[in-house]
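A.B. asks: The following block contains the structure, expressed as C-alpha cells.
The values are calculated or read from the model by the stated rules, or taken from the named source; none is laboratory data. These numbers come from a predicted model, not from an experiment. Cβ: placed from backbone, ideal geometry, glycine included. Neighbour counts: every protein chain shown.
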C-alpha cells in the first residue's frame, strides 16, 4: 500500500492509458468485425424494410409504380403534404380472412418444426456421440443436399409422392395397399417438404449444443441410479435447450412465410400467408396491401421471437 | 442473373459505340440491339436467327411464364425491354398506366397481312390498336384423356363444360383427376358464361352465383394450377383439365412421344369459351424502339408468321400466313377452329381494381373450401 501510494498518478495514468488503449483497440476491432454484418443488414434488410413499410402506407394507383407517393409538395405554394394511409392495416384487422391465413401458416410451420426436431435430434445426437474423426464426414453428409438446387429437390419429392410414384409403387408392391394413396397435394406433403428442406438448419445447432454436453454428467447420473430415460429428460434435454430453441427458430421463421413448398407439394386448399401475399401483389395488383401483409407478418414473427431471445439471454446470465 | 449480364454487355457496347462515332451519328441512330421479353416456348428460334442475319440487330431474348410476372416488372419501370407480349386484358390495364409507346403503323409495311376481324376484336382492349400488334391467339378449353373419360362417361359427348361444372358428371371424374387453371378472372368468366350470365359482369350477385357453381363441384377437383396439368395430362395423373389450347396440344404431343398409350385430346366446349390474344407491344421507355418496329414488321411477314404458328402450335392472326401453314396445324380445330365455333367465343376485359379484390377473395374461398 505504502509503496504504491508513492507515485499514485503514474500508476493511475498508466493504467488509464492501457485501459484507453484497450478500449480503443477493442472498439476498432469490434467495429470492423461488426461493421460488415451491420452494413449487410442495413442494406439488405433495413432499407428494403423501410421501402416496404413506406409502400404499405400508400394507396394503389394505375401508374408506374402502381402506388401513390406519400409526400406531395409544391414549392411555389410552399407546402409539403405528408399523406399516410392506415387503411391497409385497418382492413387487415377487420377482415377475419387474414387472421385465418396467419394462423394457418403458423400452424403448418409449428407442426413441421416439431417433426423436424423429432427427426433431427437423433441425427444430431448420433453425430455428437461419434468419435471426432468421423464427425466431419457425417456433418458433411447433413450439408450435402445443399449442393443441389432446392427447387430440384422439392420436384424430386413430387416424383416420390405422386400417384404412380416410388412410394405408392413400393407400398402396392409389398401389398400393404391395393389402391394408390393420394400423397401429393396434401398438407402431409407440405410437412414432408418442409421437414426435409429445413432439416440441416435444425441438425447443426442441435449438434453444436450436444457436442458440448459433458458425458461425465450422464455417467454420474447413472451412478446415482438414474435410468437412461430419466437422465435424458433431466440432463441431456435441458442442456440441449439453447440448440433446440435456435434450431426451432431457424426452421419456424422461414416455414411461416414459405411459398414454394406449399405451391408445389400442397393442395389448392392449403392456405398460407405467402400465397395471400402473392395474390395481393399479382392478382389484386395491390402493392400497398401486399406490403402491409408482409409488415404484419414480420411483426407477428419478430416480436415474440425477440421476447424469447431476451428471456433466454437473461436466464443464461443468471 | 442472366438478364444482368445482358444489361451489362449492352451498356458496355453502347459506351464503345458512342465513343467511336460521337460526331458521325445522328441523334436518332440507335445501337443495333433488341431486347425481347416473351413467353417461354413462344417463338421459332430460327426466326430470331434469320432476323439477326437480315438486319444485323443482335437480339437478347428473355422469357417469362405469367402475365403477372411481366406486369410486375413493367410496373416497376426501367426494364430495358423493347418488345413484350402481354395478353389482351393485361395490356388494357397497362395502357391505362401509360406503360406502352404508341406503335408507328407507317413503319410496319406488313401490317396489312393481319386478319381485320381479329384486329377488330383486339381493339376492345386497346382503342384503335394504338399500342399493340396481334401476335397469336387461342382459346381456353378442355383437355382430356380419351380412355379414362370413356371408361367413366360412356359415349356422352365431351365437348361440354358439364364435365367440370355439373356436379354429378364431375363426381364421376373425380377419381381420375380434374385440374383447373389457377386463373380467377379467366375461369370465373367461363363459369359465368356457362350459367348464362355476362362473362365480363362485375356485379357482386353474378360473382356470387359463379362462386356457388364452383363450390358445388369443388370437391371433385384435384387442384388449381396453371402449368402442372401439361405433364399430368400427358402421364395420366389427371384426366380432364381446363387449360390453354396450346398447352393441351403440347401435352398431346408429349403423350404420343412417351408411347405409353395415353391419348390426350382438346375440345372447345359448345357452351362457348374465352378467346385470348397475345399482343406485341413496345414499352414507353424501350431503348431501341426502331429495332422493335423492325422486329414486329419482320414477324408480320407471312412466311415468318406461319413458321412461328407451325412451331408453337398457336394460331397467328395473320391472314396471309394461312396458306403457308403446315397441314396438321391449319386443319387442327384446336388451333384454327371453324367460323361457327369462333362465333361462340368471347373476350375477357380488364377488371377494375375493386372487382379484382372481391374476385380474388371469392377465388380463394373456392380453392380453400371456406
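A.B. asks: Can you name the residue in the range B:339-365 that is facing another protein chain (nearest Cβ under 9 Å) and in contact with a strand residue (DSSP E or B) (Cβ under 9 Å, 6 or more places away or on another chain) and is also surrounded by the fewest Cβ atoms within 10 Å (Cβ to Cβ) among such residues?
C.D. replies: Looking at residues that are facing another protein chain (nearest Cβ under 9 Å) and in contact with a strand residue (DSSP E or B) (Cβ under 9 Å, 6 or more places away or on another chain), I get B:353.
A.B. asks: For the range A:285-309, which positions are surrounded by fewer than 17 Cβ atoms within 10 Å (Cβ to Cβ) and under 20 Å from residue A:46 (Cβ atoms)? Walk me through it before giving the result.
C.D. replies: First pass over the range A:285-309, keeping only residues surrounded by fewer than 17 Cβ atoms within 10 Å (Cβ to Cβ): A:298-300, A:302-309.
Within the range A:285-309, A:298, A:299, A:300, A:302, A:303, A:305, A:306, A:309 meet the criteria.
A.B. asks: A follow-up question, please. Looking at the range A:75-103, which of the residues that are within 14 Å of chain B (Cβ to nearest Cβ) and under 26 Å from residue B:96 (Cα atoms) is surrounded by the fewest Cβ atoms within 10 Å (Cβ to Cβ)?
C.D. replies: Only one residue fits best here, namely A:87.
A.B. asks: Continuing with the same structure: When you scan the range B:66-88, how many residues do you find that are within 13 Å of another protein chain (Cβ to nearest Cβ), touching a helix residue (DSSP H, G or I) at 6+ places or on another chain (Cβ under 7 Å) and in contact (Cβ under 8 Å) with a residue 40 or more places away in the chain?
C.D. replies: First, the residues of the range B:66-88 that are within 13 Å of another protein chain (Cβ to nearest Cβ): B:66-79.
Okay, now just the ones that are also touching a helix residue (DSSP H, G or I) at 6+ places or on another chain (Cβ under 7 Å), so B:67-68, B:71-72, B:74, B:79.
From what's left, in contact (Cβ under 8 Å) with a residue 40 or more places away in the chain: B:74, B:79.
Selection size over the range B:66-88: 2.
A.B. asks: Looking at (1) away from chain B (no Cβ under 14 Å); (2) modelled with pLDDT of 90 or more; (3) more than 30 Å from residue B:178 (Cβ to Cβ), can you tell me which one residue A:258 breaks?
C.D. replies: (3)
A.B. asks: Looking only at the range B:173-185, decide whether some residue is surrounded by 23 or more Cβ atoms within 10 Å (Cβ to Cβ), modelled with pLDDT under 95 and more than 23 Å from the chain's Cα centre (by Cα).
C.D. replies: Yes, the range B:173-185 contains at least one residue that is surrounded by 23 or more Cβ atoms within 10 Å (Cβ to Cβ), modelled with pLDDT under 95 and more than 23 Å from the chain's Cα centre (by Cα).
A.B. asks: Here's something else I'd like to know. If a residue must be in a helix (DSSP H, G or I) and surrounded by 17 or more Cβ atoms within 10 Å (Cβ to Cβ), how many such residues does the range B:210-223 contain? Outline the logic, then answer.
C.D. replies: Residues of the range B:210-223 in a helix (DSSP H, G or I): B:210-220.
Now restrict to residues that are surrounded by 17 or more Cβ atoms within 10 Å (Cβ to Cβ): B:210-211, B:213-214, B:217-218, B:220.
The total comes to 7.
A.B. asks: Quick one: residue A:247 ticks every box in (1) within 14 Å of chain B (Cβ to nearest Cβ); (2) surrounded by 21 or more Cβ atoms within 10 Å (Cβ to Cβ); (3) assigned to a helix (DSSP H, G or I) except a single one, so which number is it?
C.D. replies: Among (1) within 14 Å of chain B (Cβ to nearest Cβ); (2) surrounded by 21 or more Cβ atoms within 10 Å (Cβ to Cβ); (3) assigned to a helix (DSSP H, G or I), the lone unmet condition for residue A:247 is (1).
A.B. asks: Go through (1) within 14 Å of another protein chain (Cβ to nearest Cβ); (2) at pLDDT below 95; (3) buried (at least 18 other Cβ atoms within 10 Å of the Cβ); (4) out of contact with any helix residue (DSSP H, G or I) (no Cβ under 6 Å at 6 or more places or on another chain) one by one and return the number of the condition residue B:283 breaks.
C.D. replies: Condition not satisfied by residue B:283: (2).
A.B. asks: Please work out which residue is surrounded by the fewest Cβ atoms within 10 Å (Cβ to Cβ), limiting yourself to the range B:72-111 and to residues that are part of a helix (DSSP H, G or I) and touching a strand residue (DSSP E or B) at 6+ places or on another chain (Cβ under 6 Å).
C.D. replies: Step one: list which residues in the range B:72-111 are part of a helix (DSSP H, G or I), which gives B:72-76, B:88-96, B:105-107, B:111.
Now narrow it down to the ones that are touching a strand residue (DSSP E or B) at 6+ places or on another chain (Cβ under 6 Å): B:88, B:91.
Working: B:88: 24, B:91: 27.
Selected residue: B:88.
A.B. asks: What number goes with the only condition from (1) assigned to a helix (DSSP H, G or I); (2) surrounded by fewer than 21 Cβ atoms within 10 Å (Cβ to Cβ); (3) within 14 Å of chain A (Cβ to nearest Cβ) that residue B:260 does not pass?
C.D. replies: Result: residue B:260 fails condition (1) only.
A.B. asks: Next question. Looking at residue A:72, is it surrounded by 10 or more Cβ atoms within 10 Å (Cβ to Cβ) and over 24 Å from the mean Cα position of the chain (by Cα)? Break it down into steps so the answer makes sense when it comes.
C.D. replies: On the way: surrounded by 10 or more Cβ atoms within 10 Å (Cβ to Cβ): yes; over 24 Å from the mean Cα position of the chain (by Cα): yes.
Here the answer is yes, as residue A:72 does meet what is asked.
A.B. asks: Filter the range A:269-284 down to residues that are touching a helix residue (DSSP H, G or I) at 6+ places or on another chain (Cβ under 6 Å) and under 16 Å from residue A:108 (Cβ atoms) and give me whichever is surrounded by the fewest Cβ atoms within 10 Å (Cβ to Cβ). Working first, answer last.
C.D. replies: Within the range A:269-284, the first condition is being touching a helix residue (DSSP H, G or I) at 6+ places or on another chain (Cβ under 6 Å), and the residues that meet it are A:269-273, A:276-277, A:279-284.
If we keep only those that are under 16 Å from residue A:108 (Cβ atoms) too, we end up with A:269-273, A:276-277.
On the way: A:269: 18, A:270: 21, A:271: 22, A:272: 26, A:273: 26, A:276: 23, A:277: 20.
Result: A:269.
A.B. asks: Are any of the residues in the range A:277-285 closer than 24 Å to residue A:195 by Cα and within 14 Å of chain B (Cβ to nearest Cβ)? Spell out the reasoning first.
C.D. replies: If we filter the range A:277-285 for residues that are closer than 24 Å to residue A:195 by Cα, which is where we start, we get A:277-278.
Next, from what is left, pick out any that are within 14 Å of chain B (Cβ to nearest Cβ): A:277-278.
Yes - at least one qualifying residue is present in the range A:277-285.
A.B. asks: When residue A:236 is evaluated against the numbered criteria (1) part of a loop (DSSP other than H, G, I, E, B); (2) away from chain B (no Cβ under 14 Å), which criterion, by number, is the only one it fails?
C.D. replies: Answer for residue A:236: the failing condition is (1).
A.B. asks: Looking only at the range A:261-276, filter to residues that are more than 23 Å from residue A:159 (Cβ to Cβ) and at the interface with chain B (Cβ under 8 Å from one of its Cβ atoms); which one of those is modelled with the lowest pLDDT?
C.D. replies: Result: A:271.
A.B. asks: Look at the range A:55-74 and say how many of its residues are at the interface with another protein chain (Cβ under 10 Å from one of its Cβ atoms) and touching a residue at least 40 places away in the same chain (Cβ under 8 Å). It would help to see each step written out before you state the result.
C.D. replies: To start, the set of residues in the range A:55-74 that are at the interface with another protein chain (Cβ under 10 Å from one of its Cβ atoms) comprises A:60-67.
The next check asks that each one be touching a residue at least 40 places away in the same chain (Cβ under 8 Å); those that pass are A:60, A:65-67.
Counting residues in the range A:55-74 that are at the interface with another protein chain (Cβ under 10 Å from one of its Cβ atoms) and touching a residue at least 40 places away in the same chain (Cβ under 8 Å) gives 4.
A.B. asks: Against the definition (in contact with a helix residue (DSSP H, G or I) (Cβ under 6 Å, 6 or more places away or on another chain) and farther than 30 Å from residue B:97 by Cβ), how does residue A:241 come out, yes or no? Full working, then the answer.
C.D. replies: Working: in contact with a helix residue (DSSP H, G or I) (Cβ under 6 Å, 6 or more places away or on another chain): no; farther than 30 Å from residue B:97 by Cβ: yes.
Here the answer is no, as residue A:241 does not meet what is asked.
A.B. asks: If you go through the range B:112-151 one residue at a time, how many are in contact (Cβ under 8 Å) with a residue 24 or more places away in the chain, within 26 Å of residue B:183 (Cβ to Cβ) and in a helix (DSSP H, G or I)?
C.D. replies: 8
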